Structure formats: structure tokens, C-alpha cells
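Here is the structure we will look at, set down as C-alpha cells.
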Amino acid sequence: MAISDLSGFFRKSVVTVESIENPFDDYYIVRLRPAPGVTWIPGEHGIFRLPLRDVKAWNWRPFSVASIPEEGVILIGTRTGPKMSPFKRLLLHLEKGSPVKLNGPFGWFKVKDATSPIVLFASGVGITPIRAILMSLRQDTSRDIEIVYASGGRYLFGEEIEEIVRENPRMILYKTTDPESTRAQLSALTEKHGNLAFYFISAAPGVIGSVRRHIKSNGIRGNRIVDDTFWGYRSGRA
């Protein structure tokens, strides 16, 4: 990770709530209006701070940005789990126009060059930074871009991603629902692309560790693997 990947942490601004949506189950999508001049590279994340008032909890959380600057909003996706944290309870009940402090965006989960094939793996809500990357690459037909999206049956941003893939003949989407099919698909892609590709992994910490070990066991070097850990989420399927 380069120092430049973290430099954006020191950029501070205020974003405002535009809308909050609950598409299904405990998944939520929050749309925030950035301040003028705030921009980011697809795949980056920010530190979001709330006025927690009398709630005894951390007043900040990291969230990956699921949108690209051209969309005009900072889009974040999250899950609450069976017991909603005080932070998310406050976040998801903010009214339109409410301010939220932002450090960043910044990070290292970004496209590395303009030529290498790309394999993108997401588990559950880990799809958020990958949505941004796919939005930025939707017109890129110069290389293979293959997505493995593992979930128990609910796919956040699923219809949007399917539309992006339909428009680009070099993109392929594989939806998996169990560990065996996920590992088999990843093995097929590592055999196909080897160390010519970059492999992006976005998931809970336990899933990232499992997928990273599986990919490396198939001969992929560590410097071809980029991960974006979703701290705070329990391990899901991989």
C-alpha cells in the first residue's frame, strides 16, 4: 500500500443525506450529497462520522463508496445484522438534509492498470466497492472483467450489475450461493488468467482470508491480490 493511498484520509468535508432505502431484509442503501469539489477514485472508502449525542458508542465507521463521481452522490450499502448497532440505528434514521462528516474518500482497492484482466470477488455487502469499479469500467472492452458474486440468495445492486454486464461483451457475472460452487468458479478463473490478472476480494475478514488462501493455493502471487475487508461483519459464505 502506497502512502498516496492514505493521503485522502486528511481531506475533511460534510455530506448531507439525500435518501435512505431498505431494498430487502436488513440491507440498506444510503445516498449522500457530497460537498462541492469532493471527488474519489472508484473502489475507495471513507470514514463517516455522526453526532451520537448520548449514545455510548464510536461515532465513526468506514464504508466503501459504491458510486462513481459522475453519479453526483456518495452511495453506501450496509447490513444491520440481527441486532442494529447504535451507530447504524442513528445513521438509518437520519432525515433528508442531515449532515454527516466525512474523512476521505481514500484507499487501495482500485484498478491497477489499463490492460490486465480483472477478477472481482464479492460476498454479500462486499459488492459495494465493486459496483463502483464496474460502473467505471462499463465501457472498457479491452480486457476480460469477470465477477464472482457470492450470496445466500439476496444480491445487493444485483439488477444494476446485471445490466452493466449485459452492455459489455468482455464482462461475465457468476452468481454463487454455496462455498463449493464459489471455490470451483474461482479455481476456473485462476486457471484461465493465472498471474496475468489482478484478483480483487471484498468481503468480511474470514471470507477474505479463505478466498485469499484458495487463490494463492492455485498459484496466484500475493502481489496480484487486492482485498477490501469489511470489518464488523461476521464471516459469510466462501
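Of the residues S210, S181, S187, which is assigned to a helix (DSSP H, G or I) and without any contact (Cβ under 8 Å) to a residue 12 or more places away in the chain?
Residue meeting the stated conditions: S181.
Quick one: which strands (runs of 3 or more DSSP E) sit completely within segment 29-111 and have at least 3 residues that are small (G, A, S), touching a Lys or Arg at 6+ places or on another chain (Cβ under 7 Å) and closer than 15 Å to S13 by Cβ? Outline the logic, then answer.
On the way: elements: 45-49, 60-64, 74-79, 99-106.
Counting at least 3 such residues, we get no strands (runs of 3 or more DSSP E) at all.
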(message) Looking at segment 205-218 only, could you name the residues that are of a type in the set (A, V, I, L, M), surrounded by fewer than 24 Cβ atoms within 10 Å (Cβ to Cβ) and out of contact with any helix residue (DSSP H, G or I) (no Cβ under 7 Å at 6 or more places or on another chain)?
(response) I208
(request) Could you figure out which of (1) under 19 Å from I215 (Cα atoms); (2) hydrophobic (A, V, I, L, M, F, W, C); (3) buried (at least 20 other Cβ atoms within 10 Å of the Cβ) isn't true of V111? (result) (3)
(request) Determine which single condition P129 fails, assuming it passes every other condition in (1) modelled with pLDDT of 95 or more; (2) surrounded by fewer than 22 Cβ atoms within 10 Å (Cβ to Cβ); (3) out of contact with any Leu (no Cβ under 8 Å at 6 or more places or on another chain). (result) (2)
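Checking the conditions here, which among S142, S116 is surrounded by 15 or more Cβ atoms within 10 Å (Cβ to Cβ) and small (G, A, S)?
Working: S142 fails: surrounded by 15 or more Cβ atoms within 10 Å (Cβ to Cβ).
Checking each option against the conditions leaves just S116.
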(request) Could you pull out the residue among A150, A132, A184 that is in contact with a strand residue (DSSP E or B) (Cβ under 7 Å, 6 or more places away or on another chain) and farther than 21 Å from N223 by Cα? (result) A150
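V65 - would you say it is in contact with a Pro (Cβ under 7 Å, 6 or more places away or on another chain) and either over 23 Å from A35 (Cβ atoms) or in contact (Cβ under 8 Å) with a residue 24 or more places away in the chain (or both)? Lay out the reasoning, then the answer.
On the way: in contact with a Pro (Cβ under 7 Å, 6 or more places away or on another chain): yes; either over 23 Å from A35 (Cβ atoms) or in contact (Cβ under 8 Å) with a residue 24 or more places away in the chain (or both): yes.
It is true that V65 is in contact with a Pro (Cβ under 7 Å, 6 or more places away or on another chain) and either over 23 Å from A35 (Cβ atoms) or in contact (Cβ under 8 Å) with a residue 24 or more places away in the chain (or both).
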(request) Name, by its number, the condition in (1) buried (at least 18 other Cβ atoms within 10 Å of the Cβ); (2) in contact (Cβ under 8 Å) with a residue 40 or more places away in the chain that does not hold for G97. (result) (1)
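The values are calculated or read from the model by the stated rules, or taken from the named source; none is laboratory data. In this text, all values refer to a predicted model and were calculated from it rather than measured experimentally. Cβ atoms come from the backbone with ideal geometry, glycine included; neighbour counts cover every protein chain shown.
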